[in-house]
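Novice: Sharing a structure here in structure tokens format.
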Amino acid sequence: MGFATEAIHAGQRPDPSTGSVITPIYATSTYAQEAIGVHKGYEYSRTHNPTRQALEANIAALERGRRGVAFSSGMAAISAVMSLLRSGDHVIASHDLYGGTYRLFTRLLVNYGLKFSFLDATDASRVERAITSETRLVYIETPTNPLMTIADIRAVAEICRARGLKLVVDNTFMSPYFQRPLALGADIVVHSTTKYLNGHSDSVGGIAVAAGDEDGERLAFVQNSVGAILSPFESWLVLRGTKTLAVRMRQHDENGRAVARFLAGHRKVLCVHYPGLPDHPQHELARRQMSGFGGMISFDVGSFEKANRLLQRVRLCTLAESLGGVETLISHPATMTHASLSAEQRAALGITDGLVRISVGLEDVEDIIADLEQALAAI
Ligand SMILES: *Cc1c(COP(=O)(O)O)cnc(C)c1O
């Protein structure tokens, strides 16, 4: 079946008790049992909840995985995946990870004996050279935030398979509509459902999808043991979101391409980072590995002062962190999403003070461009 069909139907069927077409919000903590040990497969809602299960099955189908396990945030999903490791294990990760993930790895998980090497994963051979006898897991994001660099998932997956390592890919920026890491050889995909999967900026959540049954079972064990579950209401919201994922992503992509072209042709914009532009250094790889380029763009206006003036002048674009919603959000990575990095770390990654990130929404693209045009005219 096609993606849009699965997005609407996978994991869901009319509710057996009433015929309700939409999976209800099962707001219950517990379930009546007929006799000791006799029940319908549901005992307690941390362990099993029908609304959450529908969402987990839905996203697992979209990612072509065996099992989805939903958590109360993207960070909770990532931390559950990392708890599959043991003290002493070594992890190789992209050096330009989402800031919260970098903080989790370097300020919390190091206290439990995990070791990390960060490197530029756009060159898969670097990953290979960083492997030690203690390496167990490789963790990458592609495209990266905010510079939109691309790692070759298939090439990294081949290295991992040959060395018996797990490959985890954060697929938040592309969603399964444009990129399916498991089909390219990854073992686990993680998402902040807060972004494109929910798509309406009205919930925080996360999910991990495993390609294999064993990882899926271990993640479900962590979910039940630690308890950072996604609530039934929030599961229902994300299920409502994934029903329109295909149409939303197509429009994010169309609007994203138009805004990127506009910015690339503007004399006050020094450079534009968008994998859909032919001069993006990994445009060919992006075309091979993704079926679209999405709505995330960053661009440099040259200085903090100019970025600040631009962000004060926008009217339609909302100055805010986060991404992937129906509305266009604009942000300043150096002082917002990447403020926890030192100035040296930001400089090493190429996150300049003039860099602006935009999550292109679903408004009429002429209106988005007109807003950017009037704001750029002021700098
Ligand atoms: C937002 C985000 C996260 C963290 O997700 P939360 O839902 O905010 O906990 C992880 N990875 C990426 C790429 C993100 O954009």
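To keep it simple, each residue is scored yes or no on (1) of a type in the set (D, E, K, R); (2) surrounded by fewer than 23 Cβ atoms within 10 Å (Cβ to Cβ).
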{"site": "Ala151", "(1), (2)": "no, no"}
{"site": "Ala155", "(1), (2)": "no, yes"}
{"site": "Glu158", "(1), (2)": "yes, yes"}
{"site": "Ala162", "(1), (2)": "no, yes"}
{"site": "Val168", "(1), (2)": "no, no"}
{"site": "Pro176", "(1), (2)": "no, no"}
{"site": "Ala186", "(1), (2)": "no, no"}
{"site": "Val189", "(1), (2)": "no, no"}
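Novice: Then there's this: Quick check on this structure: which one of Ala77, Ala151, Ala93 is within 30 Å of Ala4 (Cβ to Cβ) and free of Cβ contacts under 8 Å to residues at least 60 places away in the same chain?
Specialist: Among Ala77, Ala151, Ala93, only Ala151 is within 30 Å of Ala4 (Cβ to Cβ) and free of Cβ contacts under 8 Å to residues at least 60 places away in the same chain.
Novice: Here is a further query. Out of the stretch 1-23, which residues are exposed (fewer than 15 other Cβ atoms within 10 Å of the Cβ) and either in contact with a His (Cβ under 9 Å, 6 or more places away or on another chain) or part of a loop (DSSP other than H, G, I, E, B) (or both)?
Specialist: Met1, Gly2, Arg13, Pro14, Pro16, Ser17, Thr18, Gly19, Ser20, Val21, Ile22
Novice: When Glu234 is evaluated against the numbered criteria (1) touching an Asp or Glu at 6+ places or on another chain (Cβ under 8 Å); (2) not in a loop (DSSP other than H, G, I, E, B), which criterion, by number, is the only one it fails?
Specialist: With respect to (1) touching an Asp or Glu at 6+ places or on another chain (Cβ under 8 Å); (2) not in a loop (DSSP other than H, G, I, E, B), Glu234 is out only on (1).
Novice: Is there a residue being out of contact with any strand residue (DSSP E or B) (no Cβ under 9 Å at 6 or more places or on another chain) and charged (D, E, K, R) anywhere in the stretch 61-77?
Specialist: No, there is no match, as no residue in the stretch 61-77 is out of contact with any strand residue (DSSP E or B) (no Cβ under 9 Å at 6 or more places or on another chain) and charged (D, E, K, R).
Novice: So Ala70 ticks every box in (1) under 20 Å from Gly216 (Cβ atoms); (2) more than 15 Å from the ligand (Cβ to nearest atom); (3) touching an Asp or Glu at 6+ places or on another chain (Cβ under 8 Å) but one. Which box is left unticked?
Specialist: (2)
Novice: Ala162 - would you say it is in a helix (DSSP H, G or I), over 16 Å from Pro275 (Cβ atoms) and without any contact (Cβ under 8 Å) to a residue 12 or more places away in the chain?
Specialist: In short, yes.
Novice: Continuing with this model, one more query. Which strands (runs of 3 or more DSSP E) sit wholly inside the stretch 166-213 and have at least 3 residues that are of a type in the set (Gly, Ala, Ser), more than 10 Å from the ligand (Cβ to nearest atom) and over 12 Å from Thr142 (Cα atoms)?
Specialist: Those strands (runs of 3 or more DSSP E) do not exist here; none qualify.
Novice: What tally of residues in the stretch 338-368 results from selecting those that are of a type in the set (Ser, Thr, Tyr) and touching a helix residue (DSSP H, G or I) at 6+ places or on another chain (Cβ under 6 Å)?
Specialist: Number of matching residues: 1.
Novice: Then there's this: Within the stretch 83-110, track down each residue that is surrounded by 22 or more Cβ atoms within 10 Å (Cβ to Cβ) and more than 9 Å from the ligand (Cβ to nearest atom).
Specialist: Once the filter is applied, which keeps residues that are surrounded by 22 or more Cβ atoms within 10 Å (Cβ to Cβ) and more than 9 Å from the ligand (Cβ to nearest atom), the stretch 83-110 yields Val91, Ile92, Ala93, Ser94, Asp96.
Novice: Going residue by residue through the stretch 136-143, is there one that turns out to be aromatic (Phe, Trp, Tyr) and more than 15 Å from the chain's Cα centre (by Cα)?
Specialist: No, there is no match, as no residue in the stretch 136-143 is aromatic (Phe, Trp, Tyr) and more than 15 Å from the chain's Cα centre (by Cα).
Novice: For the stretch 38-74, which positions are assigned to a loop (DSSP other than H, G, I, E, B), surrounded by fewer than 23 Cβ atoms within 10 Å (Cβ to Cβ) and of a type outside the set (D, E, K, R)?
Specialist: His39, Gly41, Tyr42, Ser45, Thr47, His48, Ser72, Ser73
No lab work stands behind these numbers, since they all come straight from the coordinates. The shown structure was predicted, so the numbers you read here are calculated from the model rather than taken from an experiment. Positions of Cβ are backbone-derived with ideal geometry, glycine not excepted, and every protein chain shown enters the neighbour counts.
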